[in-house]
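Visitor: Below is one structure. I have some questions about it.
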Amino acid sequence: MEKEYAEYLLKKTKEDYNLIADDFSSKRENTWEETEFLFDSYLSKEMRVLDLGCGNGRYYPVFKTKKIDYSGIDNSERLISIAKEKYPEAKFQLGDAFNIPFSDNFFDMVYSIAVLHHIPSRELRIQALKEIGRVLKNNGLLILTVWKFHELKEFYFLIKYTILKLTMKSKLDWDDVFEPWGRKAQRYYHWFSQKELEKLAIEAGFKVKKIGIVKNQKGNRKNIYLVAEK
């Protein structure tokens, strides 16, 4: 992907989330039960943890219960505003995955739930992962999730943008799509495979400890998760 177009997509994604923030937040009030093991199995009291792409702060209560030194950042001004309104005692601030506003080796763990699939181009994804590595302590953990496409509409989008790519009518990379949020926005996604995600983490300097797929009880939501060590 051309650098200028990737930068445009980054800006577009930020604008899209500001545009849909209130509606999006109303549909993301609670945590995903199927991801609870990613918190229960790895968190310990008094850890210093970054919630990268914290959105409306919906995971903050999980960290608060476990007495974590929590910081949350997101590049959407509106979502950060909502997070601060909901949890005024928490530490939320604007920031992004390319310039995390903390010093080297600062965090014991970084969580990034449903963020990496919004970052366009392999180069920028590597850059973001290396920036996460910068703020992690040695042997610190990165825990992230990305969408696992599985619904018919998602395969339709993949086929659509593959055809556009083949006919040279799209600037997107392979496995990239736009998916609508109602009539308000067309959100950019990259469709990851487990193999691609694992390879990306290794190239960014992480040691992959665990990778797999989680789904909710209804089976209408699936995510790939990755646990990696600096």
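A short reminder: the numbers here are calculations on the coordinates, not readings from a lab. From a predicted model like this one, the values you see are computed outputs, not experimental measurements. Positions of Cβ are generated from backbone atoms using ideal geometry, with glycine treated the same way; all protein chains shown enter the neighbour counts.
Visitor: What base-10 log of the normalised intensity I(q)/I(0) is obtained for the chain from the Debye formula, alpha carbons as equal point scatterers, at q = 0.10, 0.11, 0.12, 0.18 Å⁻¹?
Guide: Treating every Cα as an identical point scatterer, log10 I(q)/I(0) equals -0.44, -0.54, -0.64, -1.59.
Visitor: Count the net charge of all other residues whose Cβ sits under 9 Å from the Cβ of Ala185, scoring Lys and Arg as +1 and Asp and Glu as -1.
Guide: Here the charged neighbours net out to +2.
Visitor: Can you tell me the relative contact order of the chain? Whole percent, Cα pairs under 8 Å, sequence separation 6 or more.
Guide: Rounded, it is 20 percent for the chain.
Visitor: With contacts defined as alpha carbon pairs under 8 Å and 6 or more residues apart, what's the relative contact order of region 142-215 in percent?
Guide: 23 percent
Visitor: From the phi of every residue in region 97-106, what ³J(HN,Hα) in whole Hz does the Karplus formula 6.51 cos²θ - 1.76 cosθ + 1.60 yield, where θ is phi - 60° and glycine or proline is x?
Guide: With coefficients 6.51, -1.76 and 1.60, one gets 6, 9, 9, 5, x, 9, 6, 4, 6, 8 Hz.
Visitor: Return the percentage of antiparallel bridges among DSSP beta bridges fully within the chain, rounded to the nearest 5 %.
Guide: If we restrict to bridges inside the chain, about 55 percent are antiparallel.
Visitor: Can I ask one more? Two decimals, Cα atoms only, Kirkwood Rh: what is Rg/Rh over region 1-94?
Guide: Checking Rg against Rh, the ratio lands at 1.03.
Visitor: Expressed in nm², what is the orientationally averaged projection area of the convex hull enclosing the Cα positions of region 101-149?
Guide: Directional mean of the projected Cα hull area for region 101-149 stands at 3.7 nm².
Visitor: For a protection proxy built on the mean count of beta-carbon atoms within 10 angstrom, sort 12-20, 97-105, 56-64 highest first, please.
Guide: 56-64, 12-20, 97-105
Visitor: Post the alpha-carbon centroid distance, region 71-115 to region 185-210, in whole angstrom.
Guide: 21 Å
Visitor: What number do you get for region 44-105 when its Cα radius of gyration is normalised by 2.2 N^0.38 Å, N = residues?
Guide: 1.05
Visitor: State, as an integer percentage, the relative contact order of region 19-103 based on alpha-carbon contacts under 8 Å between residues 6 or more apart.
Guide: 27 percent
Visitor: Sort Asp173, Asp74, Asp96 so the one with the fewest other Cβ atoms within 10 Å of its own Cβ comes first.
Guide: Asp173, Asp96, Asp74
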